[in-house]
Amino acid sequence: MSSEPSTSTTPVNNASPGPARKPYTGSCHCGAVRYIVYLTLPLQQLNLSDPPSATDPPQVVYRCNCTTCQKTGVLHLRLRSAPDDFALLAPLGPLSELADYSCFAGDLHWLFCRACGVRCFTFMGRGEIVEGVLPGYNTTPAKHPDREHDSDVNRGNEGVMKYWHPVKEGWSEKRSAGSYLSVNALTLDAGQPGIDLPGWTEKKLVMYIDCLEAGDGKKGERTYERPFPGGCY
């Protein structure tokens, strides 16, 4: 007896899901520093022939070849709007409760955990403690698999949380304007869908920026191909 072919009318969609903005968790090794960052994934390459936009800054992951980033091991994750896309859950007073390091011009705070030494983000500007709902995170709080003591101590009624973030008034994603926040992508918690650090490098989604000039007169040049002299993958 021959079988009849399926006549199901259910449509099959094999297309990959498009970019979507969602919350992701990050932390230092000991868990004293915990944050939420809103990312639009999957990650996309930028068109490097277009100059950086001042009104619509892109989300970008990059490595530069400056001595500070190389020595501290930072994989930069720059957000579209740090006041909207970054929420520090602990500690709530980063500039006083975290250890700090500055160099060269001294304008950036290379903050790191006093207990484990991990650098989760670098900051310049004004910050504030606010209370509000963090969409997506409040309904499905994530916890680090290696730390049973994690708890949302700042969570209030109806999902309202207390957190620290950059002040939005006067904020611009430009260091020259006195505003800067770079998340260290290496501190994003592992195992979250869409967070694929090896894949980002293998697929050439990590940008490389020449911040040293290395004697070739090309300081500020950008590429997705390979690191500039003094840098690393």
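Against the criterion of being under 23 Å from residue 202 (Cα atoms), polar (S, T, N, Q) and part of a strand (DSSP E or B), residue 40 qualifies. Inclusion of residue 84 among residues that are modelled with pLDDT under 90, acidic (Asp, Glu) and open to solvent by 30 Å² or more (accessible area, probe 1.4 Å) is not warranted. Inclusion of residue 84 among residues that are in contact (Cβ under 8 Å) with a residue 60 or more places away in the chain, farther than 19 Å from residue 189 by Cα and outside any loop (DSSP other than H, G, I, E, B) is warranted.
Is it the case that the stretch 96-103 has a residue that's outside any helix (DSSP H, G or I), of a type in the set (A, V, I, L, M) and in contact with a helix residue (DSSP H, G or I) (Cβ under 9 Å, 6 or more places away or on another chain)? No - not one qualifying residue is present in the stretch 96-103. Exactly one residue among 134, 89, 77, 111 is touching a Leu at 6+ places or on another chain (Cβ under 7 Å), surrounded by 15 or more Cβ atoms within 10 Å (Cβ to Cβ) and either at pLDDT below 95 or of a type outside the set (Asp, Glu) (or both), and that residue is 111. If the condition is being open to solvent by 40 Å² or more (accessible area, probe 1.4 Å) and within 15 Å of the chain's Cα centre (by Cα), then the stretch 194-208 contributes 194, 196, 197. Scanning the stretch 155-193 for residues that are charged (D, E, K, R), out of contact with any helix residue (DSSP H, G or I) (no Cβ under 6 Å at 6 or more places or on another chain) and open to solvent by 50 Å² or more (accessible area, probe 1.4 Å) gives 155, 158, 162, 169, 174, 175.
The values are calculated or read from the model by the stated rules, or taken from the named source; none is laboratory data. These figures come from a predicted structure and were not determined experimentally. With ideal geometry, Cβ positions are generated from the backbone for all residues, glycine too; neighbour counts draw on all protein chains shown. The area values use the complete protein model at the heavy-atom level, side chains included, leaving out ligands, DNA and RNA. Shrake-Rupley method; radii C 1.70, N 1.55, O 1.52, S 1.80 Å.
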